[in-house]
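Some notes on the structure that comes next.
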Amino acid sequence: MTTTQLPLLLASASPRRRQILAKLGLPYIVSVAPGDEDAAQAHYQGPADGLGTWTATHKALMMFTRPEAANHLVITSDTTVILDDHELGKPRDEEHARSLLRSLRGRWHRVVTGVVVSTMVDGQLRMQGDSCNTPVLMRPYTDEEIDAYIATGDPMDKAGAYGIQSASFQPTERIAGCYLNVVGLPLCTLVRLLANFDVYPASQGDPHSACPWSELCHIS
Ligand SMILES: Cc1cn([C@H]2C[C@H](O)[C@@H](COP(=O)(O)OP(=O)(O)OP(=O)(O)O)O2)c(=O)[nH]c1=O
């Protein structure tokens, strides 16, 4: 079976990643990678910028412990928010979310999302991974805005305790790269990885732009 014929499996609980992947116009199934990446990340010794790809690789290996992953093209991803070369992670609780948002306020940081596409065919594992880096400048939002945003609960499942897509909070002043990368799945990176497996989008990005998916990104 060639990889072109392998069905896609998105191993993610993130509703945002499911919405983004659907933009490629390719059929896919969804499953959730088992295991606790937080515990796994405690073993990571590399630079902060590599944590996203490392964790996406870990998620893929955990997925292949599940029978449904065999004979599928598995997509895993992990988004990290890096401030002063430290990865901030998701908020432990509301107080931690408040502290993270205050540390990011009015400053530049980087969002690095690792993406891995992998297969397990006839017991042979094949993996291709890459990451995308988007510098982000946060607004000088007030403590009152932070409290109101935390009260919505939105920060709690997000790296850095914020969602760039939050219409109510609108945390970012400017970004200098891929918007979808910040939300959690850089289509530009994913499309390049899928091409290594002879899989190509059914929908067509803008072939004339620097990034064929830039019409989906809000590079400001
Ligand atoms: C910075 C940022 C992160 N995020 C989200 C993307 C990810 O879903 C989450 C980071 O956690 P991840 O561990 O990358 O992903 P996840 O736990 O949500 O889902 P899964 O591991 O099952 O794939 O933060 C936003 O939605 N908007 C943002 O602006």
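Observations, loosely collected:
- Cross-chain or 6+ apart pairs with Cβ under 7 Å, the range 135-148 first and surrounded by 12 or more Cβ atoms within 10 Å (Cβ to Cβ), then assigned to a helix (DSSP H, G or I): VAL136/VAL182; MET138/LEU104; ILE146/ARG98; ILE146/LEU101; ILE146/ARG102
- Selection of strands (runs of 3 or more DSSP E) fully inside the range 89-188 by the criterion of at least 3 residues being of a type in the set (Ser, Thr, Tyr) returns 108-121.
- Selection from the range 189-202 of residues that are in a loop (DSSP other than H, G, I, E, B) and either open to solvent by 40 Å² or more (accessible area, probe 1.4 Å) or more than 16 Å from LYS23 (Cβ to Cβ) (or both): ASN196, PHE197, ASP198, TYR200, ALA202
- Qualifying positions in the range 88-102 - buried (at least 22 other Cβ atoms within 10 Å of the Cβ) and either closer than 11 Å to ASP157 by Cα or of a type in the set (Gly, Ala, Ser) (or both): PRO91, ALA97
- Among (1) near the ligand (Cβ under 10 Å from one of its atoms); (2) under 30 Å from ASP143 (Cα atoms); (3) hydrophobic (A, V, I, L, M, F, W, C), the one test that VAL30 misses: (2)
- Subset of the range 50-86 [among the aliphatic types (A, V, I, L, M), touching an Asp or Glu at 6+ places or on another chain (Cβ under 7 Å) and either open to solvent by 10 Å² or more (accessible area, probe 1.4 Å) or more than 19 Å from ASN133 (Cβ to Cβ) (or both)]: LEU51
The values are calculated or read from the model by the stated rules, or taken from the named source; none is laboratory data. Being a predicted model, the structure only gives us computed values, none of them experimental. Glycine gets a Cβ as well: all are built from the backbone with ideal geometry, and neighbour counts include every protein chain shown. Only protein heavy atoms, including side chains, enter the accessible area calculation; ligands, DNA and RNA are left aside. Shrake-Rupley method; radii C 1.70, N 1.55, O 1.52, S 1.80 Å.
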